[in-house]
Structures are given as structure tokens and as C-alpha cells.
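Engineer: Quick one: structure below, then a few questions.
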Amino acid sequence: MKIIVISGSAHADGASTYLADRFVAGAHVAGQQVDRYNVVDHQTNFVMVAENEDPIPQDDDCAQLLTKVTQADLVVLVTPVYYYAMSSLLKTVVDRFYDINTTLKGMDKQIMMLATAYDPDEHVFDSMKINYRQLANYLGWHDTGTVWDHGALTHPAIDRYGQQAYDLGAQLKD
């Protein structure tokens, strides 16, 4: 199974990176091939659309990522929550899916979401959960798991969420 983990956090050692690391560790134990893409390490321009609704090509690193997304069996989105939504870094990448929208829609892919929030209230993810489901449904991809770590870094339970991320990776079969 080919897996692309797309991390959209500006914090190199933050809770989102921790969840991504734990997921990758589990996936490696399961013998899976994992490629990581940290958005903050790449130039990713906003999606631009012409009057006829065709995407306008951008001179950035996103074409490389989009190739990896089309080749992957599983796309894992990793993000902190900012104002009840995924980070703008990750949202910019998801918006760039439009560049190859007709290719991505209906591909037999799996998708996962790993998200963290400083806020201890579990409802901090309500709108993100709706957006994630809508994205998966729109693309026709299969939701194969999520981790919603509320109160990240403010409680000892982060290891519980790290274990959930690890278990998601470890249970993957070809």
C-alpha cells in the first residue's frame, strides 16, 4: 500500500507532528510504504482558476505532491485546528486538489484525518468533521479512520491519541 501523509502544521515539534510520527511508526510496523509531505517545507501557492474554470498552472512544489496523491492508495491529512478548521497550510493543499479534480474524483482511495486542538472541548472539531466527511464524499474516497486529539499538549492523554494514531497505521493491510 502506498501512503502519503500530508502535514499542515507550522510547528515542527507540535502535537500534529507527534500524531503523524506515531501513525507512520505503526504503518511501518505493518510493512507499508509511507511518504511524508510537510507543507511548511514546500512552496505551495493558492489555487488559481481561469474564467473558464480551468486551473491556472502554478510554479511551486505542489505538482510533485499531486503526483504522489494520485499514486497513493491512502491519503492521510494531519493538521492542528485553527478557528474550528484545518490549518491554512493544509487547506491550501486540499484546494490545490482542484488542479487534478477530474483525476482524483472517484479514484478508489482511502483517506484519514489526524487532528489536534489545544482546546480541551471535544466540540472544537465539529465543523472540521463535517468538512472532512464532505471532502471524502465529494472525492468518492473511503474514510478509513480519524484521530481527534482535543486538549493536545495540555493533558497526559496525548499518549492515548498517539496510540490511536499508531494503531491506525499498524492495522493497515494491503
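Engineer: Which of the trypsin sites (Lys or Arg not before Pro) found in segment 79-174 are loop residues per DSSP with 16 or fewer other Cβ atoms within 10 Å of their Cβ?
Structural biologist: Values: sites: LYS91, ARG96, LYS105, LYS109, LYS129, ARG133, ARG160, LYS173; in loops: LYS105, LYS109, LYS173.
Qualifying residues, ordered by number: LYS105, LYS173.
Engineer: Magnitude of the Cβ-charge dipole of the chain, K/R +1 and D/E -1, about the Cα centre, nearest 20 debye?
Structural biologist: Rounded to the nearest 20 debye, it is 420 debye.
Engineer: Rounded, prolate or oblate: which one fits the chain, using the alpha carbon gyration tensor with axes a ≥ b ≥ c (rounded when a/c is under 1.5, else prolate when a/b beats b/c, else oblate)?
Structural biologist: Values: a/c = 1.73, a/b = 1.36, b/c = 1.27.
It comes out prolate by the Cα gyration axes.
Engineer: Another question about this same structure. Classify segment 1-52 from the C-alpha gyration tensor, please: rounded if a/c falls under 1.5, else prolate or oblate depending on whether a/b exceeds b/c.
Structural biologist: oblate
Engineer: Taking only protein heavy atoms into account and a 1.4 Å probe, give the accessible area per residue of segment 1-152 in Å².
Structural biologist: 49 Å²
Engineer: Excluding residues on the same chain fewer than 8 positions from LYS91, give the lysines whose Cα lies under 16 Å from its Cα.
Structural biologist: LYS129
Engineer: Going by the alpha-carbon gyration tensor, a ≥ b ≥ c the square roots of its eigenvalues, is segment 31-105 rounded (a/c under 1.5) or, if a/c is not under 1.5, prolate (a/b greater than b/c) versus oblate?
Structural biologist: Verdict is oblate for segment 31-105.
Engineer: Right, another one. For segment 19-174, which whole-number percentage of the solvent-accessible area (1.4 Å probe, protein heavy atoms only) is attributable to carbon and sulfur atoms?
Structural biologist: Ligands and nucleic acids excluded, carbon and sulfur give 51 percent.
Engineer: Sticking with this one: Counting only helical runs of four or more DSSP H residues, what would the 222 nm mean residue ellipticity of the chain come to if each run contributes -39,500 (n - 2.57) and the total is spread over all its residues?
Structural biologist: -11500 deg cm²/dmol
Engineer: Continuing with this model, one more query. Report, to the nearest 10°, how far helix 126-139 tilts away from the longest principal axis of the Cα atoms in the chain, using its own Cα long axis and a range of 0 to 90°.
Structural biologist: It is inclined by approximately 40 degrees.
Engineer: As I understand it, the value is the acute angle between the Cα axis of helix 158-170 and the longest principal axis of the Cα atoms of the chain; what does it come to in degrees, rounded to 10?
Structural biologist: It is inclined by approximately 60 degrees.
Engineer: Apply 1/(1 + (r/R0)^6) to the Cβ-Cβ distance of ASN137 and ASP61, taking R0 = 22 Å, and write down the FRET efficiency to the nearest 0.05.
Structural biologist: The formula returns an efficiency of 0.20 here.
Engineer: Taking chymotrypsin sites (Phe, Trp or Tyr not before Pro) as exposed when DSSP calls them loop (any state but H, G, I, E, B) and at most 13 other Cβ atoms lie within 10 Å, what is the longest stretch of the chain free of them, the sites themselves excluded? Before the final figure, lay out each step's value.
Structural biologist: Working: sites that count: PHE46, TYR83.
My reading of the result: 84-174 is the longest stretch.
Engineer: For the Cα atoms of the chain, what angle does the longest principal axis make with the long axis of helix 62-71, in degrees from 0 to 90, nearest 10?
Structural biologist: Once rounded, the angle reads 70 degrees.
Engineer: Check the straight Cα-Cα distances from LYS173 and name the lysines below 18 Å, setting aside those fewer than 8 residues away within the same chain.
Structural biologist: LYS2, LYS109
Engineer: Taking LYS105 as the anchor, which lysines have their alpha carbon closer than 16 Å to its alpha carbon, excluding any fewer than eight residues away along the same chain?
Structural biologist: Partners within reach: LYS68.
The values are calculated or read from the model by the stated rules, or taken from the named source; none is laboratory data. None of these values were measured; they are calculated from a predicted model. Counting neighbours? That spans all protein chains shown, and the Cβs are built from the backbone with ideal geometry, glycine included. The area values use the complete protein model at the heavy-atom level, side chains included, leaving out ligands, DNA and RNA. Shrake-Rupley method; radii C 1.70, N 1.55, O 1.52, S 1.80 Å.
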